[in-house]
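The values are calculated or read from the model by the stated rules, or taken from the named source; none is laboratory data. Values in this document were obtained by computation on a predicted structure and should not be read as measured data. All Cβ positions, glycine included, derive from the backbone under ideal geometry; neighbour counts span all protein chains shown.
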Amino acid sequence: MNSPNVIPPTASSYLNKTYWDERFANEEHYEWFKDYSHFRHLILQHINPTSSVLELGCGNSQLCENLYGDGITQLTCIDLSPVAVENMRNRLMSKGYHEIKVEEADMLDLPFGNGSFDVVIEKGTMDVLFVDSGDPWNPEPTTVNKVMKMLQEVHRVLKPRGIFISITFGQPHFRRPLLHAPEFNWSMECRTFGDAFHYFFYILKKGERLPVSESSIDIVHIPPPISLIHEELDDEDYIFRTNLDEE
């Protein structure tokens, strides 16, 4: 699935649009943080065939195709890379998935009206914003500003009872201050999936905000030390993980 040179020399390269254009021109498919089969049981609790769904940073993932296969047809995918968008459109057309929309767009400035979607989902896309964040306990202001802008846009385009799903490496003690900022009117839950290593699956429900003390951050699985999980992590997953844990 990967061409030999997709992994950049530094994690900060993931913030470079040119890197993604060049990568998508040579790479057919890659899944960040495991494929759909690992979290399908979680996602189908919150998405149904009538849901209008926006996927942020679709890249060359098969997530939208997997959702379509489960009967979810009101799908819109966006990516900042025009190469990724063109390739995704061609791939979906070749498979007859004509109902799925694919658009070139920036998740920090979404081209959709208020209350447009029942569900917004991202898998590893927000993690890219953290690659040069510095201390994970006290991230750089530029990182915080970008992440907050993304979350503001997600909150804006969600319908009043909409759901934001974030699939990530970000542990609750790092993500909670951002996801549960006072300006967001959503509740927050967190689940995990994975075998040796556990990824985090956040569910934020608009219009159901609870006090911080009552928000559900009940993590059943505790990730083992990173030295024990090399075999489960793909090379690039490992880059993100070490970036988070190096502090």
Exercise for the section: Return the total of residues in region 154-211 being surrounded by fewer than 17 Cβ atoms within 10 Å (Cβ to Cβ), closer than 25 Å to Leu110 by Cα and modelled with pLDDT under 90. Expected result: 1
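Just a yes or no: is a residue in region 37-59 among the aromatic types (Phe, Trp, Tyr) and farther than 25 Å from Trp186 by Cα? Steps first, answer last, please.
Just the residues of region 37-59 that are among the aromatic types (Phe, Trp, Tyr), to begin with: 39.
Now drop any that are not farther than 25 Å from Trp186 by Cα, which leaves none.
Among the residues of region 37-59, not one is among the aromatic types (Phe, Trp, Tyr) and farther than 25 Å from Trp186 by Cα, which makes the answer no.
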Exercise for the section: Select from region 57-77 the residues that are surrounded by fewer than 23 Cβ atoms within 10 Å (Cβ to Cβ) and either among the aromatic types (Phe, Trp, Tyr) or assigned to a strand (DSSP E or B) (or both) and list them in ascending order. Expected result: Tyr68, Gln74, Thr76
Exercise for the section: Give region 169-195 a look and list any residue that's in contact with a strand residue (DSSP E or B) (Cβ under 7 Å, 6 or more places away or on another chain), over 25 Å from Asn114 (Cα atoms) and not in a loop (DSSP other than H, G, I, E, B), or say none. Expected result: Pro172, Cys190, Arg191, Thr192, Phe193
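Specify which of the listed residues (Asn48, Asn16, Asn26) is more than 30 Å from Gly115 (Cβ to Cβ) and more than 18 Å from the chain's Cα centre (by Cα). Step through it out loud before you land on a result.
Details: Asn48 fails: more than 30 Å from Gly115 (Cβ to Cβ); Asn16 fails: more than 18 Å from the chain's Cα centre (by Cα).
None of the other options fit; the residue is Asn26.
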Problem - Some residue of region 109-124 being modelled with pLDDT under 95 and assigned to a loop (DSSP other than H, G, I, E, B) - result: yes
Exercise for the section: Kindly establish whether Phe33 is touching a residue at least 40 places away in the same chain (Cβ under 8 Å), touching a Gly at 6+ places or on another chain (Cβ under 6 Å) and under 21 Å from Met150 (Cβ atoms). Expected result: yes
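Can you pull out every residue in region 27-56 that is among the hydroxyl-bearing types (Ser, Thr, Tyr) and not in a loop (DSSP other than H, G, I, E, B)? Steps first, answer last, please.
Let us first name the residues in region 27-56 that are among the hydroxyl-bearing types (Ser, Thr, Tyr), namely 30, 36-37, 50-52.
Listed by number, the residues that qualify are Tyr36, Ser37, Ser52.
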Practice task
Could you run through region 63-95 and say how many residues are closer than 22 Å to Ser37 by Cβ and of a type outside the set (S, T, N, Q)?
Solution key: 15
